[in-house]
Amino acid sequence: MRVLNVMLSLGLGGVQKAYAGYTKLLCHLGHEVVSCVAPRSAVSMYLPADANLVTLSNFFERDPVAIIRAAFLLRSQKPDLIMVHGKRALMLFSRARHLSGLHIPLVNVLHRHRLKHIARSDLNICISEPLRDEAAAAGIDKAMLAYIPNFLTGELDASSPTPWNDPPVIGFLGRMVPEKGLDLFIDALAILKESGVHFAARIGGDGPMRQTWKAYAAARGLGHDLQWVGWVNAVGEFHKSIDVLCIPSRWESFGLVILEAYKAGKVVVATRTTGPASIINDKVNGLMSDIDAKDLAAKLKVVIENPEFAERMATQAAYDIMQYEIDAVAPAVDTLLKNLVKNFHHAPGLGLSSAASGVADR
C-alpha cells in the first residue's frame with residue numbers, strides 16, 4: 001500500500017516525533033511511504049535516512065496555492081491512503097482531495113484536543129481512549145474513531161537499574177510553552193529546596209518561554225541548582241543522566257516522553273492530565289500529582305526519599321511499556337488501515353465500525 005504521510009508544522013515536539021514514528025511504523029509494515037513536510041521542517045531530522053520525502057510550501061490552513069499544489073501532489077503520487085497529522089495538514093489535504101477528483105481515504109491522527117474539522121476525515125486515530133471518548137461525546141460518529149496509542153520505534157535500548165546520582169537528578173524534557181507547566185516544576189523545586197531536600201535538576205527542551213522561565217528560576221533562588229541543556233536529540237542519553245523525570249503539564253494529550261523514560265528505567269512523576277493518566281498507574285508504575293506545585297513537590301520528595309519504592313515502580317513501568325512497542329502496535333495499525341482502504345472503495349465512509357472497535361478494545 002502506498003501512503004502519503006503529511007505533517008506541515010515547522011517546530012519540534014512530541015507531535016512531530018509521533019509523526020516520524022508513523023513513517024517508521026508504516027515502513028516497518030512494508031508499506032511504501034511518501035513523507036510530506038513543509039520546507040525547512042525540523043521534523044525531517046527524525047525521518048529515516050532513505051525516506052521518500054516531498055515538501056509542500058504553505059502559509060496558512062486555507063492557502064489556495066498550497067491546496068492546488070497538494071492536489072497536483074496527490075495526482076502525481078497516487079497514494080492508496082492519505083494520513084495527516086495536525087489541523088493544517090487536515091484542512092489542506094481534505095480540500096486538495098476534493099479538488100483532485102481522486103477517491104482516496106483520508107486518515108487524521110488526532111494528537112490533541114482539537115476536534116473542530118475532524119469530520120473532514122474518513123477515520124480519526126485518537127492517541128488516547130479519553131480523547132476518543134471526547135470526540136464521540138462531541139458528536140463524531142464512533143465509526144470514524146479508533147484508538148491507537150503513541151508508540152516507541154525501537155531506537156532506545158532498555159536500561160538496567162543504575163545507582164542514583166548524589167544528589168538525585170530530577171529531569172524535565174519538553175517544549176517551553178505554558179501548557180507544559182515548567183513554571184510549576186520550578187515552584188516545586190523551590191519548595192523542595194526550602195524544605196531541605198537535596199537535588200539537582202536538568203532541563204531539556206526549548207521554546208518561546210525559555211528565557212522567561214530561566215529568569216523566573218533565578219528569582220526563586222534556583223540559579224545554581226538547574227542545568228539548562230537546550231534541545232535534546234539524544235533522548236536516551238538525557239534519561240541516563242537523570243534519576244526522576246517530572247511531567248508538570250497543565251495539559252497533555254499523551255506523553256511520549258513518559259514511554260522514553262520508562263524504557264530508560266526511570267521513575268516518572270506527572271500531573272493528572274489526560275495523557276499521563278492513561279499511561280501511569282499511580283503508585284504502581286509512577287506517581288501522579290495534582291496540577292499544583294505543592295503536591296508536585298510532595299510527590300517528588302516521596303520518590304527522592306524512597307529510592308527502593310522508586311525502583312519498584314520503574315521495574316513495573318519497564319514491563320508495562322511492552323504494549324507500546326512498535327511490534328505490539330503495528331499489527332493493529334495495519335489491520336485498521338487495510339480495512340479502511342478496502343471498505344472505502346466499496347462504500348466511502350461506511351463499514352469502519354468493526355475496524356475501529358477492534359483497535360479500541362486493545
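Could you please let me know if Pro130 is under 30 Å from Val267 (Cβ atoms), in a helix (DSSP H, G or I), in the same structural domain as Lys24 (by TED's automatic domain parsing) and not basic (Lys, Arg)? Steps first, answer last, please.
Working: under 30 Å from Val267 (Cβ atoms): yes; in a helix (DSSP H, G or I): yes; in the same structural domain as Lys24 (by TED's automatic domain parsing): yes; not basic (Lys, Arg): yes.
Against the criterion (under 30 Å from Val267 (Cβ atoms), in a helix (DSSP H, G or I), in the same structural domain as Lys24 (by TED's automatic domain parsing) and not basic (Lys, Arg)), Pro130 qualifies.
Among the residues of the stretch 238-250, write down those that are in contact with a Lys or Arg (Cβ under 6 Å, 6 or more places away or on another chain) and not in a loop (DSSP other than H, G, I, E, B).
His239, Leu245
Please go through the stretch 14-28 and pick out each residue that is surrounded by fewer than 20 Cβ atoms within 10 Å (Cβ to Cβ) and out of contact with any Leu (no Cβ under 9 Å at 6 or more places or on another chain).
Selection gives Cys27, His28.
Looking at the stretch 277-292, I want the residues that are buried (at least 23 other Cβ atoms within 10 Å of the Cβ) and have a partner that is basic (Lys, Arg) with Cβ atoms under 6 Å, at least 6 apart or on another chain. Which pairs are those?
Leu287/Lys299; Ser289/Lys299
If I ask for residues that are part of a helix (DSSP H, G or I), touching a residue at least 60 places away in the same chain (Cβ under 8 Å) and touching a helix residue (DSSP H, G or I) at 6+ places or on another chain (Cβ under 7 Å), which ones from the stretch 48-102 would you list?
So in the stretch 48-102, the residues part of a helix (DSSP H, G or I) come out as 64-77, 87-100.
Adding the requirement that they be touching a residue at least 60 places away in the same chain (Cβ under 8 Å) leaves 73-74, 77, 88-89, 92-93.
Across the stretch 48-102, the qualifying residues are Leu74, Leu92, Phe93.
Starting from residues that are surrounded by fewer than 23 Cβ atoms within 10 Å (Cβ to Cβ) and touching a residue at least 40 places away in the same chain (Cβ under 8 Å), keep the ones in the stretch 132-146 and report whichever is nearest to the chain's Cα centre (by Cα). Quick ask: steps written out before the conclusion?
So the first thing to find is which residues in the stretch 132-146 are surrounded by fewer than 23 Cβ atoms within 10 Å (Cβ to Cβ), and the list is 133-144.
Now restrict to residues that are touching a residue at least 40 places away in the same chain (Cβ under 8 Å): 142-144.
Numbers: Lys142: 23, Ala143: 24, Met144: 21 Å.
Of everything passing the filter in the stretch 132-146, Met144 is nearest to the chain's Cα centre (by Cα).
Quick one: which residue in Ala219, Ala264 is farther than 20 Å from Glu305 by Cα and either basic (Lys, Arg) or without any contact (Cβ under 8 Å) to a residue 60 or more places away in the chain (or both)? Working first, answer last.
Working: Ala264 fails: either basic (Lys, Arg) or without any contact (Cβ under 8 Å) to a residue 60 or more places away in the chain (or both).
Just one listed residue meets the conditions, Ala219.
Within the stretch 33-47, track down each residue that is exposed (fewer than 14 other Cβ atoms within 10 Å of the Cβ) and without any contact (Cβ under 8 Å) to a residue 40 or more places away in the chain.
Pro39, Arg40
Restricted to the stretch 251-276, and to residues that are assigned to a helix (DSSP H, G or I) and of a type in the set (Gly, Ala, Ser), which residue is surrounded by the most Cβ atoms within 10 Å (Cβ to Cβ)?
Applying the first criterion (assigned to a helix (DSSP H, G or I)) to the stretch 251-276 yields 256-263, 274-276.
Then drop every residue that is not of a type in the set (Gly, Ala, Ser), which leaves 261, 275.
Details: Ala261: 29, Gly275: 26.
For the stretch 251-276, the residue satisfying everything is Ala261.
Out of (1) under 20 Å from Thr153 (Cα atoms); (2) out of contact with any Lys or Arg (no Cβ under 9 Å at 6 or more places or on another chain), the odd one out for Leu12 is which?
Unmet condition: (2).
Within the stretch 148-165, is there a residue that is more than 30 Å from Trp228 (Cβ to Cβ), touching a helix residue (DSSP H, G or I) at 6+ places or on another chain (Cβ under 9 Å) and touching a residue at least 12 places away in the same chain (Cβ under 8 Å)?
Just the residues of the stretch 148-165 that are more than 30 Å from Trp228 (Cβ to Cβ), to begin with: 148-149.
Still in the running and touching a helix residue (DSSP H, G or I) at 6+ places or on another chain (Cβ under 9 Å): 148-149.
Those left that are additionally touching a residue at least 12 places away in the same chain (Cβ under 8 Å): 148-149.
Yes, the stretch 148-165 contains at least one residue that is more than 30 Å from Trp228 (Cβ to Cβ), touching a helix residue (DSSP H, G or I) at 6+ places or on another chain (Cβ under 9 Å) and touching a residue at least 12 places away in the same chain (Cβ under 8 Å).
Name the single residue, out of those in the stretch 153-173 being surrounded by fewer than 21 Cβ atoms within 10 Å (Cβ to Cβ) and in contact with an Asp or Glu (Cβ under 8 Å, 6 or more places away or on another chain), that is nearest to Glu311 (Cα to Cα).
Per the criteria, the residue is Pro161.
The values are calculated or read from the model by the stated rules, or taken from the named source; none is laboratory data. All figures in this text were calculated on a predicted structure; none of them were measured in a lab. Ideal geometry is used to build each Cβ from the backbone, glycine not excepted, and the neighbour counts take in all protein chains shown.
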